[in-house]
Structures are given as C-alpha cells and as structure tokens.
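S.K.: Before I ask anything, here is the structure I am working with.
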Protein chains: 2
Amino acid sequence: MLRLYDSLLSGNSWKIRILLSQLGLAYDRVTLDLQKGETREAAFRRISRFARVPVLVLEDGRPLVESGAILLHLAEGTPYLPADPYLRAEVMGWLFFEQADLQKAIAVPRVLHLHGLAQERQDDIRRLHADGYAGLEKLDQWALGHAWLVGEHYTVADIALSAYVSLAEQGGYDMTRFTGIRNWLARVRGQRGWVPLLPEVGPTANS
Amino acid sequence: MLRLYDSLLSGNSWKIRILLSQLGLAYDRVTLDLQKGETREAAFRRISRFARVPVLVLEDGRPLVESGAILLHLAEGTPYLPADPYLRAEVMGWLFFEQADLQKAIAVPRVLHLHGLAQERQDDIRRLHADGYAGLEKLDQWALGHAWLVGEHYTVADIALSAYVSLAEQGGYDMTRFTGIRNWLARVRGQRGWVPLLPEVGPTANS
C-alpha cells in the first residue's frame, strides 16, 4: 500500500492527501511531529533526502519527494493531469509558479504566526508579504477571468495553488480584496473528494 | 519555427537555450531589454501572463511560460527526460527544489550585485544567502555521491540546477567549499551542445 509521511499542519502534504482522496487511493498515513524533530531522525532521512515532508513511499518501497513531483506522478493518466502536451505544460507552469512565488512567502509567515513569533519577526514577515502579495495579485487576476487554472477543468494545478493560498490568512495576509481567489477557492473546495487540512469538528463532536 | 523570448542575463532563459542547443532545434531568439521595460509592453504581456522571460512560442503560436515547464515540454520523448515514471518524478522533484530553494536566493543577490546595490542592500543579501547556502549544501552533498542528479545520465534536472548555481558567485556566494558542486558543474559544461550564458570571447576577438 502507498504510505504518506506528512506533518499535521503541512500544506505541501495536504495537497497530496487531497489528490489521494480524489483518486480514491488507500494509503497509510504517518504523521511526524516536527517539534520532536522526527523529520531529522536517521530512518526518515534515508527516505527523504532533505529531511522534509511530504514523502510518498510507493508500493515497491521507493520514496518520492517534493509535493509537485508527487502530484504529477499520481495524476498521470487521470483526469487531474491533461494528456494534451500544451495543457500538461500549463499545469506544470502553475506548479512551478506556486513553489517559486507563493509557497515560502505564505508558509514562513504562517509558521511564525502559529509559533507566536509574528511580533518579534515583523520585519521578515513584511518582506515576505511583499513577495506574497505580488504573487497573489497575479493569481487573482487570472482567477477573475477563468474558472480553473488550466483549460476547462479542475486539475492538480488547482490543488497545488489552493493549498497555501487558502492558508494565507493564518500568515497574516489580508485576503478580502482578492475576490477572484475567493470564488475560485470555493469552487476547489466543492470538488468531489476534496478534504480539509484538519478534520472538521461538527456540533455533535463538540457536544 | 520556435521563438524564444529571453533577456541577456536571464538564468532561467539560459536553461532553455542550453536544451534547445542540445536537442539541435532551430529557433528565433528575441532578447528583450529589461532596463527599457520591454517585458512590460502590452504585446509581450499577451504572451507572458506575468510579464516575465523566458517564453517559448511554439510552432502553432501558443506561448509557454515558466522555465521548468518549458524544459519538461521540450525534453519529452528525448534522452533528457527519462521515460521511467519514477525517474521522471525524480527529475521533476529536482526542478521544483531549484525553484523553491535556490533560484530566488541566487538570482536576487546577483541582480543586486550586477546593479551596484550590494552594499546598500546587504541585509537582504545576507538573508537570501542564508537560504541559498542551505540549498547549496544539500545539492553539494548529493553531488559528492552522484555523477548526475537523477539516475545514471545527464537530464534536464542537471540543466535546471546548474544554471543559477554556476552564477552564484556573481551574487556574492563563496563557492570554494562546494567541491561536489564544482566537479558536477564541470561535467555539465562538458556535455555535447552545452552553451555558455554569454558568447565566449576568445583571445583573437580581444586582440
């Protein structure tokens, strides 16, 4: 069976869980505790060359790293990655844009906020926000004119871009002005099999 | 004929020129002047959604953006991108690593140095160097134990990673300790059809 190594709040790992769910693939989930240094242990470093999650261990035991590469590998031959060469290249282009222009600019301020370091590191956050807002502005312009990032259908590009973008508020981003992004995120969440980052706690579970 | 829009010093565009040369593909090269704002002109924005180089315009007139996506598109079906699904995913993983962990950390200090702003922006450079050295350390460890980034052969992963890494000294990086990287870069430069960023000026041309 497939095995996914992730951490509880990892946005890059979340992307893989969304796609695995939408593909209906069963997998073992191994959630590492970053605070306890579990990604730095020798056994994990043997399957993750840079000691990071996510790692997807294939049925034959070989590990795959880098969320974008894992998404493309799993989506091959499915409706989540078009067969047309031009559309495939477009999907990959959005995945590279996310890693280069958005991921770190959202993830780092988010971690600082979650760890109560936002005040102390406000200069770093301001610089990262400048980068991140520039990327979000580009995405919003696109989303205002297109239902999906590539072609006429939901693809792994929508999965890859929506994960951290939907977590940007946790990193102190003001997302109210990005109406294109907001409506697109609602379409993404409405896709069959989509799963939230954390289990949703309903009223019954709270009572 | 294929048409490549680039700029004179763009490392991301250089990657495409190396692969086009190695594939023996003829193309028109249109070199834009960033100082004159040529990437911001309306005609260019119509083919480059985020007003950036490189753009590869295909024979049918459709434009492709993002250097990683262009490399993968051109390399499909050639020895520069393995057919094996696992090795393909490994190649893509390295391309994502480069965009997430190395490209900006090298490119931004390089631009600041080239524009004479290194002194004024030394705090920014110091922060970017911290990120960049972490990525270079990972790459160097890999290169010490492997001739090529993926499998037993030179692939687009070697092209994509070597471009900015070979320009890191222009961004103030001290590369002397990275012996794995140095030897790997020499192997990359030795590949048939490899081309330098700028035309090499021989002694005759200087005399």
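S.K.: Taking only the range B:114-146 into account, find how many residues are closer than 23 Å to B:Ser10 by Cβ, touching a helix residue (DSSP H, G or I) at 6+ places or on another chain (Cβ under 6 Å) and more than 11 Å from chain A (Cβ to nearest Cβ).
M.R.: Selection size over the range B:114-146: 4.
S.K.: Is there any pair linking a residue in the range A:89-101 that is closer than 18 Å to B:Ala75 by Cα and within 7 Å of another protein chain (Cβ to nearest Cβ) to one that is of a type in the set (S, T, N, Q) and assigned to a helix (DSSP H, G or I), with Cβ under 8 Å and at least six apart or on different chains, and which?
M.R.: A:Phe96/B:Ser67; A:Phe96/B:Gln99
S.K.: Consider only pairs whose beta carbons are under 8 Å apart and that are at least six residues apart or on different chains; among these, list those whose first residue lies in the range A:150-164 and is assigned by TED's automatic domain parsing to the domain that holds A:Gly132 and buried (at least 23 other Cβ atoms within 10 Å of the Cβ) and whose second residue is of a type in the set (Ser, Thr, Tyr) and not in a loop (DSSP other than H, G, I, E, B).
M.R.: Close Cβ pairs satisfying both conditions: A:Ala160/A:Ser67.
S.K.: So, B:Ala51, is that one touching a helix residue (DSSP H, G or I) at 6+ places or on another chain (Cβ under 9 Å), closer than 25 Å to B:Leu161 by Cα and more than 14 Å from chain A (Cβ to nearest Cβ) or not?
M.R.: Working: touching a helix residue (DSSP H, G or I) at 6+ places or on another chain (Cβ under 9 Å): yes; closer than 25 Å to B:Leu161 by Cα: yes; more than 14 Å from chain A (Cβ to nearest Cβ): no.
Criteria not met by B:Ala51.
S.K.: Test each condition in (1) assigned to a helix (DSSP H, G or I); (2) surrounded by fewer than 18 Cβ atoms within 10 Å (Cβ to Cβ); (3) at pLDDT 95 or above for B:Thr204 and report the one that comes out false.
M.R.: (3)
S.K.: Right, something else. Would you confirm whether or not the range A:29-48 contains a residue that is in contact with a His (Cβ under 8 Å, 6 or more places away or on another chain), within 12 Å of chain B (Cβ to nearest Cβ) and touching a residue at least 24 places away in the same chain (Cβ under 8 Å)?
M.R.: Taking the range A:29-48 as the starting set, the residues that turn out to be in contact with a His (Cβ under 8 Å, 6 or more places away or on another chain) are none.
For the range A:29-48, residues in contact with a His (Cβ under 8 Å, 6 or more places away or on another chain), within 12 Å of chain B (Cβ to nearest Cβ) and touching a residue at least 24 places away in the same chain (Cβ under 8 Å): absent.
S.K.: Within the range B:53-105, track down each residue that is basic (Lys, Arg) and either at pLDDT below 95 or buried (at least 19 other Cβ atoms within 10 Å of the Cβ) (or both).
M.R.: Those that are basic (Lys, Arg) and either at pLDDT below 95 or buried (at least 19 other Cβ atoms within 10 Å of the Cβ) (or both): B:Arg88, B:Lys104.
S.K.: How do the pairs read when you match residues in the range B:114-139 that are in a helix (DSSP H, G or I) with residues anywhere that are at pLDDT below 95 and not small (Gly, Ala, Ser), using Cβ under 7 Å and keeping only pairs 6 or more apart or on different chains?
M.R.: Going by the 7 Å Cβ cut-off, the qualifying pairs are B:Lys138/A:Phe50.
S.K.: Just wondering, is there one or more residues in the range A:70-81 that are closer than 20 Å to B:Ala134 by Cβ and within 14 Å of chain B (Cβ to nearest Cβ)?
M.R.: Checked the range A:70-81: no residue is closer than 20 Å to B:Ala134 by Cβ and within 14 Å of chain B (Cβ to nearest Cβ).
S.K.: Filter the range B:144-200 for residues that are assigned to a helix (DSSP H, G or I) and charged (D, E, K, R) and give the result.
M.R.: Once the filter is applied, which keeps residues that are assigned to a helix (DSSP H, G or I) and charged (D, E, K, R), the range B:144-200 yields B:Asp158, B:Glu169, B:Arg182, B:Arg187, B:Arg189.
S.K.: Identify, by number, the condition in (1) surrounded by 15 or more Cβ atoms within 10 Å (Cβ to Cβ); (2) touching a residue at least 60 places away in the same chain (Cβ under 8 Å) that B:Leu198 doesn't meet.
M.R.: Result: B:Leu198 passes all but (1).
S.K.: Are there any pairs with C-beta distances below 6 angstrom linking a residue in the range A:167-185 that is in the same structural domain as A:Asp124 (by TED's automatic domain parsing) to a residue that is small (Gly, Ala, Ser), with the two at least 6 apart or on different chains, and if so which?
M.R.: Qualifying pairs under 6 Å: A:Leu167/A:Gly11; A:Met175/A:Ala168; A:Gly180/A:Ala143; A:Ile181/A:Ala143; A:Trp184/A:Ala143; A:Leu185/A:Ser162; A:Leu185/A:Ser166.
Yes or no, residue by residue, for (1) closer than 30 Å to A:Arg62 by Cα; (2) assigned by TED's automatic domain parsing to the domain that holds B:Trp142:
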| position | (1), (2) |
| --- | --- |
| B:Leu23 | no, no |
| B:Gly37 | no, no |
| B:Ile47 | no, no |
| B:Val57 | no, no |
| B:Ala69 | yes, no |
| B:Tyr80 | yes, no |
| B:Asp101 | yes, yes |
| B:Ile106 | no, yes |
| B:Pro109 | no, yes |
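S.K.: Within the range B:1-20, count every residue that is part of a helix (DSSP H, G or I) and under 23 Å from A:Tyr86 (Cβ atoms). Break it down into steps so the answer makes sense when it comes.
M.R.: Residues of the range B:1-20 part of a helix (DSSP H, G or I): B:11-20.
Filter once more, so that each one left must be under 23 Å from A:Tyr86 (Cβ atoms): B:12-13, B:15-20.
Total meeting the criteria: 8.
S.K.: Another one. Looking only at the range A:35-50, count how many residues are closer than 13 Å to A:Ser7 by Cβ, surrounded by 16 or more Cβ atoms within 10 Å (Cβ to Cβ) and not aromatic (Phe, Trp, Tyr).
M.R.: Going through the range A:35-50 one residue at a time, the tally reaches 3.
The values are calculated or read from the model by the stated rules, or taken from the named source; none is laboratory data. Everything numeric here is computed off the predicted structure, so don't read it as measured data. Neighbour counts are summed over all protein chains in view; Cβ atoms, including those assigned to glycine, are modelled from backbone coordinates with ideal geometry.
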